[in-house]
Amino acid sequence: MEGTLPRHAITRLRQETRRRVLTLATIEQLTPHMLRLGFVSPELHDFASAAPDDHVKLFFPTAEGSCMRDYTPRRFDPAAGTLVLDFALHEAGPATRWAMKAKPGDALEIGGPRGSAVVADDFDWYLLIGDETALPAIGRRIEELRPGVPVTSFVLVPEAADAQHFSTAASWSGHWIARGASTEDGALLLAAIADFTLPPGDGFIWIAAEAQAARAVRHHVLETLGHPRAWVKTAGYWLRGVADAHERIED
């Protein structure tokens with residue numbers, strides 16, 4: 001049929017970038033290292049987030065003025081005008097400090113999303129690999145996948161108690177790796193997936209973690225497992241020792 005997208009299409013959408021002021025409505029300590037904040041605002045009436053790994057800019061006050069950080073829209077309800085953001089609690093930075101001190105009624109300014117890369121939900125299976133910073137995107141994708149499709153996740157978290165449960169119609173198999181005192185994220189993720197065999201059929205693999213760890217996992221997926229490059233998306237959500245580092249990773 002004319003106009004029909006090819007199988008396994010990744011469609012890129014652009015959106016008008018503008019700022020919105022949200023009001024904090026709910027606070028939930030989801031796990032020891034994850035805080036879930038729910039926001040409301042009439043300015044969300046035309047907000048849109050088409051892909052699970054979209055990013056919005058959050059603007060936090062600092063002594064020098066303000067700073068920006070990227071966060072994934074974890075859940076958006078257009079009818080209720082509510083937006084949920086999950087904050088991974090780690091070393092003290094402006095985002096973590098703000099989230100831990102926040103109380104209902106506080107205002108937060110956001111910008112975006114600027115665009116979305118929408119991955120077709122027509123693959124035979126999905127593999128999602130990341131750390132706690134990738135959990136909002138991983139959880140959202142697992143929840144939004146079509147009924148019955150196999151999806152496997154490997155997620156590195158600070159401790160075992162940081163494992164999460166996702167309500168999904170997909171056939172989900174979740175694997176959790178507790179980091180503990182280790183700083184070798186790449187080695188931990190590679191060890192976790194070492195015995196994983198790619199299922200038959202066409203699969204989409206999504207990787208997001210500390211940049212060096214994400215690169216190591218991507219190399220394993222492409223070179224050792226031989227997965228098609230076009231069906232792998234990789235991002236470095238942070239870089240050890242560098243503030244506000246975020247990059248798409250391609251070979």
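Ranking Val84, His33, Ala160 by how far each Cα lies toward the positive end of the dipole of the chain (charges on Cβ) leaves Val84 at the top.
For the chain, a crude dipole built from +1 on the beta carbon of Lys and Arg and -1 on the beta carbon of Asp and Glu, taken about the Cα centre, is about 460 debye to the nearest 20.
Charges on Cβ only, +1 for Lys and Arg, -1 for Asp and Glu, centred on the Cα centroid of region 107-200; of Gly139, Gly115, Ile129, which one is farthest towards the dipole's positive end? Result: Gly115.
Count the net charge of all other residues whose Cβ sits under 15 Å from the Cβ of Val21, scoring Lys and Arg as +1 and Asp and Glu as -1. Neighbourhood net charge equals 0.
Once the other residues with Cβ under 15 Å from the Cβ of Ala160 are scored (Lys, Arg +1; Asp, Glu -1), what is the net sum? Walk me through the numbers before you get to the answer.
Working: positive: Arg179; negative: Asp131, Glu132, Glu159, Asp162.
Cβ neighbours under 15 Å give a net charge of -3.
Order by neighbour count: Asp86, Asp122, Asp70, fewest other Cβ atoms within 10 Å first, most last. Show your work: numbers first, answer last.
Working: Asp86 25, Asp122 14, Asp70 18.
The most exposed by this proxy come first: Asp122, Asp70, Asp86.
Using per-residue counts of other Cβ atoms within 10 Å, averaged over each peptide, order 184-191, 51-58, 11-18 from highest down. Write down the numbers at each step before the final one.
Details: 184-191: 17.4, 51-58: 22.5, 11-18: 11.5.
In descending order of packing, they fall as 51-58, 184-191, 11-18.
Quick check on the chain: of the DSSP beta bridges with both residues there, what percent are antiparallel, nearest 5%? Write down the numbers at each step before the final one.
Working: 42 of 68 bridges.
In the chain, approximately 60 percent of DSSP beta bridges are antiparallel ones.
With a cut-off of 14 Å on the backbone N, the residues of region 16-49 near the modelled label site 7 Å out from Arg114 along Cα-Cβ are 16-19.
Solvent-free Debye calculation, one equal scatterer per alpha-carbon of the chain: log10 I(q)/I(0) at 0.15, 0.16 Å⁻¹ equals -1.12, -1.28.
Quick check for me: using +1 on Lys/Arg Cβ and -1 on Asp/Glu Cβ, what's the dipole size of region 47-183 about its Cα centre, in debye to the nearest 20? Can you show the working numbers first?
Values: 12 positive and 18 negative charges, 57 e Å.
For this selection, approximately 280 debye.
Modelled spin-label separation between Thr17 and His90, with each label point placed 7 Å from Cα along the Cα-to-Cβ direction: 2.3 nm.
The distance linking region 93-113 with region 19-45 is 8 Å (Cα centroid to Cα centroid, whole angstrom).
Treat every Asp and Glu Cβ in region 181-238 as -1 and every Lys and Arg Cβ as +1, leave all other atoms uncharged, and give the resulting dipole magnitude about the Cα centre to the nearest 20 debye. Before the final figure, lay out the partial values.
Details: 4 positive and 6 negative charges, 46 e Å.
Taking the Cα centre of region 181-238 as origin, the dipole is about 220 debye.
If R0 is taken as 30 Å, the Cβ-Cβ distance between Ala50 and Thr26 corresponds to a FRET efficiency of 0.80. Approximating the spin labels as points 7 Å out from Cα along Cα→Cβ, the Cys67-to-Thr224 distance works out to 3.4 nm. Seen from Leu89, the other residues with C-beta closer than 14 Å to its C-beta sum to a net charge of -2, counting Lys and Arg as +1 and Asp and Glu as -1. Amide H to amide H, with H built 1.01 Å from N, Phe87 comes under 5 Å of Leu35, Arg36, Leu37, counting only residues 5 or more places away or on other chains. Label-to-label distance, Arg7 versus Ala79, with points set 7 angstrom from Cα along the beta-carbon direction: 3.5 nm.
Values quoted throughout were computed directly from the atomic coordinates according to the rules given, and no laboratory measurement underlies them. In this text, all values refer to a predicted model and were calculated from it rather than measured experimentally. Neighbour counts run over all protein chains shown; Cβ positions are idealised from the backbone, glycine included.
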